[in-house]
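Q: Quick one: this structure, given as structure tokens, is what I'll be asking you about.
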């Protein structure tokens, strides 16, 4: 017999750009006994629709559901494994214009952001000359404003630097904003890959697979090439607009 399905689950949509500690945050929530996690469920649709040559794109399209309507129906349906919390890790740029937005109203939306100066060097290592669209920052602000307009409330925003500086304080504040009880198990997790990780894990998750918790904050930054300096400058207004609403601890 399958486990009972929770009738009033808490569905959390965490909207992030790439290289924003999003997988570490997924690990944190995934270590809760009451939580099921989902890894970038709209990625396959995004890759098929855009035709972008991401690492492992063909495999992602073959293995994962490329129909955003079916994916959304699943994300808003019964929580798998009878859990009471469903943590959904979303990349902001995966929410393409053709994807409806109404389903977001049935979720608790939160936002994870990171200083562009920490994002773009890592992104540049994966893509040749990344663009603003690759960072997801413009889309992140767009989704934030949509959620704020429709709910009349400022959704929780976590800055990665604050999270690394004091994980417990920030996670407690995030849980409170989500009407969720904090669980100390969120502060650490076993190393290794998860069955809930996307098939793209082998291309992106090397560092987090070795981790057992949030790494200490480092402020050392290497010198950026000219095109990355320009990209950072393009990203900064979006980052600063969201940063102004971050959870303060």
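Each reported figure results from applying straightforward, stated rules to the coordinates on display, with no laboratory input. The structure displayed is predicted, hence computed values, not measured ones.
Q: Å³ per residue of the Cα convex hull, for the stretch 1-147? Please report the intermediate quantities before stating the final value.
A: On the way: hull volume 17.4 nm³, N = 147.
Taking the convex hull of the Cα positions in the stretch 1-147, it is 119 Å³ per residue.
Q: Continuing with the same structure: Compute a Gaussian network model of the chain, connecting alpha carbons closer than 10 Å, and tell me which residue from 43, 87, 205 fluctuates the most.
A: 205
Q: With the Cα gyration tensor of the stretch 1-85 in hand, convert its eigenvalues to equivalent ellipsoid semi-axes via √(5λ) and list them largest first in whole Å.
A: After scaling each eigenvalue by five and taking roots: 25, 17, 11 Å.
Q: Still on this structure, please answer the following. In nm², what is the average projected area of the convex hull enclosing the Cα atoms of the stretch 147-249?
A: Computed as one quarter of the Cα hull surface, the answer is 9.2 nm².
Q: Mind jotting down the distance between the C-alpha centroids of the stretch 175-244 and the stretch 94-169, whole Å?
A: 11 Å
Q: Compare 208, 120, 169 in a GNM of the chain, Cα atoms joined below 10 Å, and give the one with the largest fluctuation.
A: Fluctuation is largest for 169.
Q: How high is the relative contact order of the stretch 10-243? Use alpha-carbon pairs under 8 Å, at least six apart in sequence, and give a whole percent. Before the final figure, lay out each step's value.
A: Values: 342 pairs, mean separation 68.0, N = 234.
After rounding, I find 29 percent.
Q: Could you compute how fast the chain diffuses translationally, taking Rh as the Kirkwood radius over C-alpha pairs and applying Stokes-Einstein at 37 °C with viscosity 0.692 mPa s? Give it in µm² per second.
A: For the chosen part, D equals 177 µm²/s.
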